Amino acid sequence: MSKIKLIFGFLTLYASILRTHAADTISANQILRYNQTITSPQETFELGFFSPPNSTNHYVGIWYKKISSGTVVWVANRNTPLTDTSGELTLTLQGVLILRDATKGNVVWSSTNSPTMSKKNPIGQLLDTGNFIVHEEGEGINQEDPVWQSFDFITDTLLPGMKQGWNLMTGLERRFTSWRSPNDPAFGEFSFWIDTRGYPQLILTKGREIKFRVGPWNGLRFSGMSNLRSNSLYNFTFVVNQREIYYQYNPIDTSIITRLVLQPSGRIERLVWIDSKQEWSLYMAAEIDHCNQYALCGPFGRCSIDKSPVCECLEGFQPTSPDQWRDTDWSQGCQHSVPLDCNPGEGFNKYLNLKLPDTRGSWYNHTMTLVECEQMCKSNCSCTAYANSNISGRGSGCFLWFGGLIDIRTIADDGDTIYIRLSASELESIEDSNSSSPGRRPIRIIVPMASVVLVILISIYLFYHFNRKKQPMAL
């Protein structure tokens, strides 16, 4: 009997050692209870049960382990909280994670609505990236094609390496949504996501209302936010192809802890952990100023935050409703001063330093030149504007817009260039206005005067040069 106890004790100790060694995983049919956690290999992240501040509800989540704040970055059952500590998280042989309320005996949350194909030895593993991934044990980790991964189901936080956007092969959308409040991780009012109607662009919505449009990626940055570009802290990636559309960022220095958060207020913040202060520091925020309000100035209206009033019509356009415009109701926007009639004389005026218009309903091509883009737009009477889709290098690609141009704002010194269709008479009027403007008059006067001075100087030089040749050479 003592030998049996000794063997049983040895097996229990051995199993305990194995569990300690494999603290970053949960095996099939293993139960993770309220007072248990699994930790990533370098102890960067931890997964387990938690309760938000001032809340009696309980959730399964992932949080930073090494830093003292215990900041939660992912929540499984955000809309279906547990009301006590009886929760049990298990992994089935089919690779499905199931969270049960042991008191009531019901399923609170699962990682998928339908079982996947059976696996021999599925395990759930927490990585140092913060990704909780289900895969076949012994086959290695493939984050491109896992059985399931938490990175595909973003909550309110975008971590380095996460893909925000769409898997076009499966139809999976990855968007992040705010918490309802700082104490409640349920779906809040605000979502930050990639709209794929037309050329893909990042937008912030409150319910179904667009609050803020970051704009399309132009090869260097997002058109509506000049500071949202690769920098000394991190690199941006924006991918658009037949398989997927996504935005991603990665830190250049992996020792820097950073996250992008959509706050319950709708404010988008990039935070960096300052270890010496043991706190999160605000690195950047997407400030929604007056001009960032979606479509504030209406079609063909431009918003300039340094002007009063902030809205004005683009050159070649006039208010659609002058009375409303005077009353600072700009919703009707502007219309062509001279209506278009598809006359062969119509052309395009160049507008600089702008946030590109809403690309919903736009057409795009990544290989065309700007000349080809202009020709295509000019050949289609419904085309109202064109621009390069990629401004890096010498510029490439093509955007075409049809109908009213919405949500344009001035971005001083770092905006995009767009070419908008105008009538022949309006183009001539703009050209005359530019050539007679005070800034242009000195040029028209100085150029002829400079030519006269140059001729005089050349004549003087030739006169002295030939006279010197006629004089006798000195000894």
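The values are calculated or read from the model by the stated rules, or taken from the named source; none is laboratory data. Small disclaimer: the values here were computed from a predicted structure and weren't measured. No Cβ is skipped: glycine too gets one built from the backbone with ideal geometry, and neighbour counts run over all protein chains shown.
Considering region 255-300, the qualifying strands (runs of 3 or more DSSP E), each wholly inside and each with 1 or more residues that are among the β-branched types (Val, Ile, Thr) and more than 20 Å from the chain's Cα centre (by Cα), run over 268-274.
Please pick out the residue among PRO339, PRO344, PRO357 that is under 23 Å from ALA295 (Cβ atoms), assigned by TED's automatic domain parsing to the domain that holds GLU426, surrounded by fewer than 17 Cβ atoms within 10 Å (Cβ to Cβ) and not polar (S, T, N, Q).
Among PRO339, PRO344, PRO357, only PRO339 is under 23 Å from ALA295 (Cβ atoms), assigned by TED's automatic domain parsing to the domain that holds GLU426, surrounded by fewer than 17 Cβ atoms within 10 Å (Cβ to Cβ) and not polar (S, T, N, Q).
Out of SER55, SER69, SER51, SER40, which single residue is polar (S, T, N, Q), closer than 21 Å to GLY188 by Cα, assigned by TED's automatic domain parsing to the domain that holds SER150 and in contact with an Asp or Glu (Cβ under 8 Å, 6 or more places away or on another chain)? First the steps, then the outcome.
On the way: SER69 fails: closer than 21 Å to GLY188 by Cα; SER51 fails: in contact with an Asp or Glu (Cβ under 8 Å, 6 or more places away or on another chain); SER40 fails: closer than 21 Å to GLY188 by Cα.
After ruling out the rest, the residue left standing is SER55.
Could you say whether any residue in region 206-213 is of a type outside the set (Phe, Trp, Tyr) and touching a helix residue (DSSP H, G or I) at 6+ places or on another chain (Cβ under 9 Å)? Looking through region 206-213, at least one residue is of a type outside the set (Phe, Trp, Tyr) and touching a helix residue (DSSP H, G or I) at 6+ places or on another chain (Cβ under 9 Å).
For residues in region 314-336 being over 28 Å from the mean Cα position of the chain (by Cα) and hydrophobic (A, V, I, L, M, F, W, C), which is surrounded by the most Cβ atoms within 10 Å (Cβ to Cβ)? If you could, list the steps in order and put the result at the bottom.
Of all residues in region 314-336, those over 28 Å from the mean Cα position of the chain (by Cα) come to 315-329, 332, 334-336.
From the residues that got through so far, the ones that are hydrophobic (A, V, I, L, M, F, W, C) too are 317, 325, 334.
On the way: PHE317: 22, TRP325: 23, CYS334: 25.
The qualifying residue surrounded by the most Cβ atoms within 10 Å (Cβ to Cβ) is CYS334.
The single condition among (1) surrounded by 15 or more Cβ atoms within 10 Å (Cβ to Cβ); (2) modelled with pLDDT of 95 or more that GLY95 does not meet is (2).
Hey, any hits in region 55-71 for a residue that's touching a residue at least 24 places away in the same chain (Cβ under 8 Å), in a loop (DSSP other than H, G, I, E, B) and hydrophobic (A, V, I, L, M, F, W, C)? Can you show your working first?
To start, the set of residues in region 55-71 that are touching a residue at least 24 places away in the same chain (Cβ under 8 Å) comprises 55-62, 64-65, 67-69, 71.
Still in the list and also in a loop (DSSP other than H, G, I, E, B): 55-57, 65, 67-69, 71.
Those still in the list that are hydrophobic (A, V, I, L, M, F, W, C) too: 67.
Checked against the condition, which is being touching a residue at least 24 places away in the same chain (Cβ under 8 Å), in a loop (DSSP other than H, G, I, E, B) and hydrophobic (A, V, I, L, M, F, W, C), region 55-71 yields at least one hit.
For region 208-239, give me the residue count where each residue is over 13 Å from the mean Cα position of the chain (by Cα), farther than 21 Å from CYS291 by Cβ and part of a strand (DSSP E or B).
Of region 208-239, the ones over 13 Å from the mean Cα position of the chain (by Cα) are 208-211, 231-234.
Still in the list and also farther than 21 Å from CYS291 by Cβ: 208, 231-234.
Adding the requirement that they be part of a strand (DSSP E or B) leaves 234.
Total satisfying the criteria: 1.
Restricting region 364-414 to residues that are part of a loop (DSSP other than H, G, I, E, B) and among the charged types (D, E, K, R), which is farthest from TYR199 (Cα to Cα)? Step by step, filter region 364-414, then rank; the result is ASP413. For region 257-288, a residue qualifies if it is surrounded by fewer than 15 Cβ atoms within 10 Å (Cβ to Cβ), among the hydrophobic types (A, V, I, L, M, F, W, C) and under 15 Å from TYR64 (Cβ atoms), and exactly one does: ILE274.
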